[in-house]
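Structure, as structure tokens:
The values are calculated or read from the model by the stated rules, or taken from the named source; none is laboratory data. Everything numeric in this text was worked out from a predicted model, so none of it was measured. Heads up, the Cβs are rebuilt from the backbone with ideal geometry, glycines too, and the neighbour counts pull from every protein chain shown. Accessible surface is based on the protein model in full, side chains and every heavy atom, while ligands, DNA and RNA are left aside. Shrake-Rupley method; radii C 1.70, N 1.55, O 1.52, S 1.80 Å.
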Amino acid sequence: QVQLVESGGGLVQAGGSLRLSCAVSGRTFGSSAVGWFRQAPGKEREFVGTISSPLGVRTYYADSVKGRFTISRDNAKNMVYLQMNSLKPEDTAVYYCAAGSKLIRTSDGYPYWGQGTQVTVSS
């Protein structure tokens with residue numbers, strides 16, 4: 001069983017930065033790809049980015065966040081991070097981390113999910 005807990009969300013002004021953390025428990029963390037997704041009110045959940053296992057050599061991002069967001073992982077701490085820079089009001093959403101065995105961009109490929117953390121970007 002894999003459990004994920006996100007933290008680090010909050011309110012930030014446009015142009016600011018936040019770093020979200022995802023604490024992952026379970027023996028399979030080292031072999032799990034970890035993705036970040038977000039869901040804004042009234043919208044479907046969308047892919048933000050993902051990082052490969054075990055060393056995070058490969059990362060993929062949605063076009064909307066490419067160049068502004070960076071995913072990293074620390075296997076010694078069982079942590080994955082989402083560094084978000086140059087935030088825009090349209091980045092406002094609940095952000096989720098998810099773990100799975102495949103490095104893919106669709107939510108159905110991740111069987112394990114956190115509870116989400118709210119990010120609000122004011123204009």
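For the chain, the dipole from Cβ point charges (+1 on Lys and Arg, -1 on Asp and Glu) about the Cα centre works out to 260 debye, to the nearest 20. For GluC sites (Glu not before Pro), the sites in the range 24-123 that DSSP calls loop and that have at most 15 other Cβ atoms within 10 Å are 44. Modelled spin labels at residue 86 and residue 105, positioned 7 Å past Cα toward Cβ, are 1.9 nm from each other. What base-10 log of the normalised intensity I(q)/I(0) is obtained for the range 63-111 from the Debye formula, alpha carbons as equal point scatterers, at q = 0.17, 0.24, 0.25, 0.33 Å⁻¹? So the normalised log intensities are -0.66, -1.15, -1.19, -1.25. Rolling a 1.4 Å probe over the protein heavy atoms of the range 1-76, with every protein chain left in place, gives an accessible area that is 48 percent carbon and sulfur. Taking the centroid of alpha carbons for each part, the range 67-94 and the range 1-52 are 7 Å apart.
Annotation: lysines with alpha-carbon distance below 21 angstrom to residue 88 (same-chain offsets under eight excluded): 43, 66.
Accessible area ranking (1.4 Å probe, heavy atoms, ligands and nucleic acids excluded), largest first, for 50, 120, 70: 70, 120, 50. Beyond 18 Å, the tail of the calculated P(r) for the range 1-44 holds 47 percent of the Cα pairs.
For the pair residue 1 and residue 63, label points projected 7 Å from Cα toward Cβ lie 4.1 nm apart.
Stretched out straight at 0.36 nm per residue, the stretch from residue 123 to residue 72 would grow longer than its current Cα-Cα span by 15.6 nm. The residues of the chain have, on average, 52 Å² of accessible surface per residue, using a 1.4 Å probe with all protein chains present. Taking the Cα atoms of the chain, the ratio Rg/Rh between the radius of gyration and the Kirkwood radius comes to 0.94.
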